[in-house]
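All remarks here apply to the structure that follows.
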Amino acid sequence: MKDSIQTSHKSKKHENAYAVYQKKDSVLYITFKKQTVLTHDAAEKIVKDRMNFQAYARYSVVCDVSGLTAITYDAREYLSTDGSNMLTAVALVSNNPTIYAMGRCYLFYNRPTVPTRIFKNQQEAEKYINQITKTP
């Protein structure tokens with residue numbers, strides 16, 4: 001699948017074989033495509049594309065992980081450490097009970113290096129990102 005970038009005056013989008021990336025205000029939204037199996041190689045591609053898309057600027061992320069069907073140990077380890085480079089906070093989102101439970105295990109066992117939580121809906125995720133990134 002070809003990577004593509006679409007630009008409008010209010011937002012920018014990028015898409016690869018695994019996810020769709022979109023900037024809204026100062027938040028980066030990532031939505032994993034349905035039936036995505038996340039391996040270490042796929043995670044590296046996702047992070048490389050994210051870094052290029054965000055132009056190496058720091059961002060908070062709302063990441064819809066509902067499309068994931070599996071994620072390898074190596075991918076989890078990578079995403080929780082080096083793969084979190086240039087992120088200020090991460091809000092994972094899934095209303096799928098199995099994926100939500102996987103996300104809670106990821107947080108407990110992999111202990112991401114940036115503040116990260118999982119939510120059942122996007123509104124709660126956005127609220128968290130806004131609270132954690134607001135400037136006093």
Can you work out ³J(HN,Hα) from phi for every residue in the stretch 39-50, in order, using Karplus 6.51 cos²θ - 1.76 cosθ + 1.60 and θ = phi - 60°, giving whole Hz and x for Gly and Pro?
-> 9, 4, 4, 5, 4, 5, 5, 4, 5, 4, 5, 4
Zone residues, the stretch 18-58, relative to D74, backbone N less than 13 Å from point 7 Å out along Cα-to-Cβ | 38-45
If you place +1 on the Cβ of every Lys and Arg and -1 on the Cβ of every Asp and Glu, how big does the dipole about the Cα centre of the chain come out, in debye to the nearest 20?
-> 400
Taking a label point 7 Å from the Cα of K34 along Cα-to-Cβ, the residues of the stretch 65-85 whose backbone nitrogen sits under 14 Å from it are 66-69
Expected 222 nm ellipticity per residue - DSSP helices of 4 or more, -39500 (n - 2.57), all of the chain, to 500 = -11000 deg cm²/dmol
Return the Rg/Rh value of the chain, two decimal places, where both radii are evaluated on C-alpha atoms and Rh is the Kirkwood radius.
-> 0.93
In Å, the Kirkwood estimate of hydrodynamic radius for the stretch 8-50 over Cα pairs equals 11.0
Label point 7 Å out from N85 along Cα-to-Cβ: which residues of the stretch 31-48 have amide N under 13 Å?
-> 44-48
Before anything else, pin down the relative contact order of the chain: Cα pairs under 8 Å, at least 6 apart, normalised by residue count, whole percent.
-> 20
Neighbourhood charge, 14 Å Cβ-Cβ cut-off, centred on P97 and excluding it, Lys, Arg +1 and Asp, Glu -1 | +2
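Every number in this text was worked out from the coordinates using simple rules, so none of it is lab data. Owing to the predicted nature of the structure, the values given are computational and were not obtained by experimental measurement. Note that each Cβ is placed from the backbone with ideal geometry, even for glycine, and that neighbours are counted across all protein chains shown.
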